[in-house]
Amino acid sequence: MSAAARRPGRARPWRRVTCAAWAGAVVVGLTACGPTEPPEADVVAEEGAETWRPEPLIGQDFPDPDVLVTDDGYVAYATNGPHTNVRVATSDDLATWEQHDDAMPDLPPWVIPGRTWAPEVTRSDDGTYVLYFTAASTEHGVQCVGVAVSDDPLGPFEAVGDGMLVCPEGEGGAIDAATFDDDGTTYLLWKNDGNCCGHDTWIQAAPLAPDGTALAGDPVRLFRQDLAWEGELVEAPTIVRRGGTYHAFYSANFYGDDTYAVGHATAPALDGPWTKDSEPLLSTAGTGEMFRGPGGQDVVATPDGDVLVFHGWDGAYVARALYALPLEWDGDQPVPVLPVARSSR
């Protein structure tokens with residue numbers, strides 16, 4: 001989750017609405033609203049059965065979403081697409097989105113084009129927007145985390161330095177950067193890409209320098225894959241703090257099918273010890289196939305409560321669209337609020 005989610009910055013102006021309703025519940029707005037009917041959604045016909053699936057917020061491919069909160073609305077970033085290194089879209093209300101030009105049109109020379117994954121943007125104390133991106137390194141041949149900066153959240157972002165920010169070649173590289181602000185110190189989170197080459201995958205954290213463009217300390221390992229449903233990996237970390245409890249949301253298993261899902265863990269401090277829920281928080285089976293292979297999640301703090309933003313596959317497993325659900329809390333347990341299925345139209 002972007003550190004700026006709880007410390008808004010100034011972005012380009014766009015209209016803001018007073019209330020938005022989707023997924024069967026009102027989620028975002030400047031004033032509270034009562035329950036409304038969920039939006040129209042597709043009923044997907046399958047062999048002898050019908051599966052109801054909600055309409056995505058962005059129906060095109062928009063995987064690994066990160067959402068930045070600004071004074072003027074929301075900015076979402078996503079993994080590369082055809083002729084686009086970093087996808088970017090804006091919204092007044094988290095429900096209706098407008099896509100924009102490539103946020104980082106020029107890649108640095110140490111990057112192999114075509115695999116710019118899981119962008120994360122946060123706002124530094126001096127007002128600069130800092131982008132952390134995953135890309136393939138020409139030197140190491142593995143995925144690593146780079147950093148870029150811009151004065152505008154829509155870019156263009158320009159790479160900083162002569163190499164990657166985090167690139168542990170001996171651990172398989174690093175992917176899926178995220179940021180977390182803990183009492184004024186911003187940490188960079190990532191996953192070592194060990195499943196590429198027979199290593200464990202660890203969610204790791206290290207403090208960042210004040211301008212966000214360098215690490216200010218050694219990384220600490222938080223947790224790794226150790227549950228049956230996680231398969232060979234954990235990745236895509238998002239950490240939020242509620243009171244004295246730290247909550248980690250993460251994705252696990254193979255991203256390309258229905259085994260991919262979102263997990264949840266808690267700890268009394270960032271460096272642990274972390275205790276995982278035994279089963280996924282959000283999964284294909286757990287949603288009755290409303291969402292297929294949900295993952296790449298982010299938690300967005302809004303005036304009306306938290307929202308879980310994530311991607312999910314279409315029925316043909318061709319594209320991962322953008323979805324969101326209200327996220328309620330039962331004590332220390334997050335509860336994604338699923339929409340109410342409709343019958344055939």
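Bear in mind these aren't lab numbers, they're just calculated from the coordinates by the rules spelled out. The structure displayed is predicted, hence computed values, not measured ones. All Cβ positions, even for glycine, are placed from backbone atoms using ideal geometry, and neighbour counts span all protein chains on display.
About its Cα centre, how strong a charge dipole does the range 204-306 have in debye, to the nearest 20, once Lys and Arg get +1 and Asp and Glu get -1 at the Cβ? Working shown, then result.
On the way: 6 positive and 15 negative charges, 56 e Å.
Dipole magnitude for the range 204-306 comes out near 260 debye.
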With the dipole of the range 192-345 defined by +1 on each Lys or Arg Cβ and -1 on each Asp or Glu Cβ, the option from LEU233, TRP329, PHE223 whose Cα lies farthest towards the positive pole is TRP329
The extension gain from ALA214 to GLU279, computed as 0.36 nm times the residue separation minus the Cα-Cα distance, is 19.8 nm
Sorted on mean Cβ neighbours within 10 Å (highest first), peptides 232-242, 123-133 come out as 232-242, 123-133
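After finding the eigenvalues of the alpha carbon gyration tensor for the range 143-217, what semi-axes result from the square roots of 5 times each, listed largest first in whole Å?
After diagonalising the Cα gyration tensor, the semi-axes are 23, 16, 10 Å.
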Per the rule of 0.36 nm per residue minus the C-alpha distance, extending HIS100 to ASP226 adds in nm 41.4 nm
Under the 7 Å Cα-to-Cβ spin-label approximation, GLU139 and ALA316 lie apart by a distance in nanometres of 4.2
Cα-based Rg and Dmax for the range 78-175, in Å, come out at 13.6, 43
Expressed to one decimal in nm², the mean projection of the alpha carbon convex hull of the range 204-321 is 9.0
